[in-house]
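What follows is a single structure, written as structure tokens, with notes after it.
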Amino acid sequence: MIEIYEPYIPVLLIAMIVVVLAGVILLANGLLGPKRPTRLKGIPYESGVDPVDSPRHRFSVKFYMTAILFLVFDLEVVFLYPWAVNYNGFLADPGFAATAFGSMAAFLVILALGLFYEYKRGAMSWD
Amino acid sequence: MSAALHPASAPALAQALSTPHSLPHTAADLVAQPWLASLLGVGAIMAFLTLNVLFLIWAERKVSAWIQRRMGPTEVGPYGLFQTLADMLKLISKQLITPSHVDRPLYLLAPLVVFAPVVVAVSLFPFAPGLAVTDVDLGLLLVFAFAGLGIIGIFMAGWGSNNKYALLGAMRSVAQNVSYEIPLILSALAVVLLASHPEGVTLEAGTPSAHTVPLLGTSLAHITLAQEAQGYWFVLVQPVAFVIYFVAALAETNRAPFDIPEAESELVAGFHTEYSGMRFAMFFFAEYTNMLVVSMVATVLFLGGWDGPLLPGPVWFFLKTYTLLFGMIWVRWTWPRLRFDQLMRLCWGLLVPVAILNLLGAAVLAEVL
């Protein structure tokens, strides 16, 4: 069981080393650089104008729509990957080839219809 | 372009691939201890990435100067080659300003979250047979996953900065990145479909015995091998996927004509407006490394990776990668920026439907080939 994960161990180690390395670089900058904070350096940079109000306002519902669309389509892709990886294997079996193509074609058509519906409802228009 | 062009390397790799998960000649086998190998791998990759970023920024400035009939950097070193090195040294010695009222944990962690994943993503690539830090089955998916992690860091930076420009830039950036990830992954999927051969393909390696290797389309090494075995690069059978991938990759890296997240004329610098010193340099580093990552993915998926006649594998790999990078720089200095609604319509109204159709086309094509 563990052998399957063996090639991934270097990835994990590299991720840890990179995080430590990045921390060291930032720390070095903190030690090397000057430390002279002033009130003006501390205020948000808004082109020289003193900031009015907090930046955290409500934002457009379009962003939520985009996020939901992304979630839906990303899930579809999750279903598509195993199919794509095995597709040439399915084709080698003459009895199953038509099913392998047809079922996924139907899935993709439904997906495309959903996309068309969303488009017509204006989920992707930002005017 | 067949495997016969690599008589020395292909059989070894083919043999290694037929016994899964034990690639010889990777750093992990040269040095028995995995942590030591990883340390060496990170060292080599960081050295390469630093050089790459220094070179890319210089190249970007030189190419833009050339397109706009200017000189570009000339003062520091021959042809201004050491200009970015000098800039880097300056950034290290600058003051790290932490503005008041920032969300400290988010603000301080954001550069790390943007920086670390792209470096890990680079370590997953096979630059040539035997020249890889590690070779994992799900390499392609891991690269996309790590490249996608950066979006979280971008939003952390925008939200934590307590700055209107930063938050607006981050919102736009996230919306753009998640949208263009769909056509990006769908176009890659067409290649995964064509590259996978669970039954196995025969690599004619010019040796006494040919090898039959089952190919898994999500492994970057296998995708390259599939192109070697079939004798053509996937850009020839999937030109539409290549174009979709390239356009989506430009958007994923926030580059012109899709650079509204940091549209400097309206948002100062977008999500990293409030960052200074090395924290800013890390965003910059991640941005240019991300360009390299998407170009290397395109090289593996569509241009045959290390495959090519006469020249050794790594030379071909980087020749293709840097040609694509030159294309990205060229596009940036030639096209004007899109408006946000145009950007979204291009993605959902054109790229996604065409990518879905293209995927169906690839499924038909797999039957014909």
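The values are calculated or read from the model by the stated rules, or taken from the named source; none is laboratory data. This one's a predicted model, so the numbers in the text were calculated from it and none came from an experiment. Every residue, glycine as well, gets a Cβ built from its backbone with ideal geometry; the counts of neighbours run over all protein chains shown.
Within segment A:30-54, the set of residues being part of a helix (DSSP H, G or I), within 7 Å of chain B (Cβ to nearest Cβ) and farther than 19 Å from residue B:157 by Cα comprises A:32 only. Residues in segment A:55-70 that are facing another protein chain (nearest Cβ under 7 Å) and of a type in the set (S, T, N, Q): A:66 only.
Among the residues of segment B:102-121, those that are buried (at least 24 other Cβ atoms within 10 Å of the Cβ) and more than 9 Å from chain A (Cβ to nearest Cβ) comprise B:110, B:114, B:118, B:121. Among the residues of segment B:275-311, those identified as under 17 Å from residue B:50 (Cβ atoms) and among the aliphatic types (A, V, I, L, M) are B:278, B:281, B:282, B:286, B:291, B:292, B:293, B:296.
If you scan segment B:323-356, which residues turn out to be over 21 Å from the mean Cα position of the chain (by Cα), away from chain A (no Cβ under 14 Å) and not charged (D, E, K, R)? Result: B:334, B:335, B:336.
In the list B:221, B:145, which residue meets the criterion of being without any contact (Cβ under 8 Å) to a residue 60 or more places away in the chain, under 22 Å from the mean Cα position of the chain (by Cα) and under 26 Å from residue B:39 (Cα atoms)? Talk me through it step by step, then tell me what you get.
Working: B:221 fails: without any contact (Cβ under 8 Å) to a residue 60 or more places away in the chain.
After ruling out the rest, the residue left standing is B:145.
Selection of first residues in segment A:32-46 that are in contact (Cβ under 8 Å) with a residue 24 or more places away in the chain and of second residues that are loosely packed, with under 14 Cβ neighbours inside 10 Å, restricted to Cβ pairs under 8 Å at least 6 apart or on distinct chains, gives an empty result.
Does segment A:63-85 include one or more residues that are outside any helix (DSSP H, G or I), free of Cβ contacts under 8 Å to residues at least 40 places away in the same chain and either at positive phi or exposed (fewer than 15 other Cβ atoms within 10 Å of the Cβ) (or both)? Scanning segment A:63-85 turns up no residue that is outside any helix (DSSP H, G or I), free of Cβ contacts under 8 Å to residues at least 40 places away in the same chain and either at positive phi or exposed (fewer than 15 other Cβ atoms within 10 Å of the Cβ) (or both). Within segment B:45-67, the presence of a residue that is crowded, with 18+ Cβ neighbours inside 10 Å, among the aliphatic types (A, V, I, L, M), modelled with pLDDT under 75 and farther than 27 Å from residue B:310 by Cβ is excluded.
Among the residues examined, residue B:249 qualifies as modelled with pLDDT of 85 or more and of a type in the set (Gly, Ala, Ser). Scan segment B:164-175 and report the pairs whose first residue is facing another protein chain (nearest Cβ under 8 Å) and more than 19 Å from residue B:339 (Cβ to Cβ) and whose second residue is surrounded by 24 or more Cβ atoms within 10 Å (Cβ to Cβ) and among the acidic types (Asp, Glu), with Cβ atoms within less than 6 Å and a gap of 6+ or a chain change. Pairs found: B:166/B:274.
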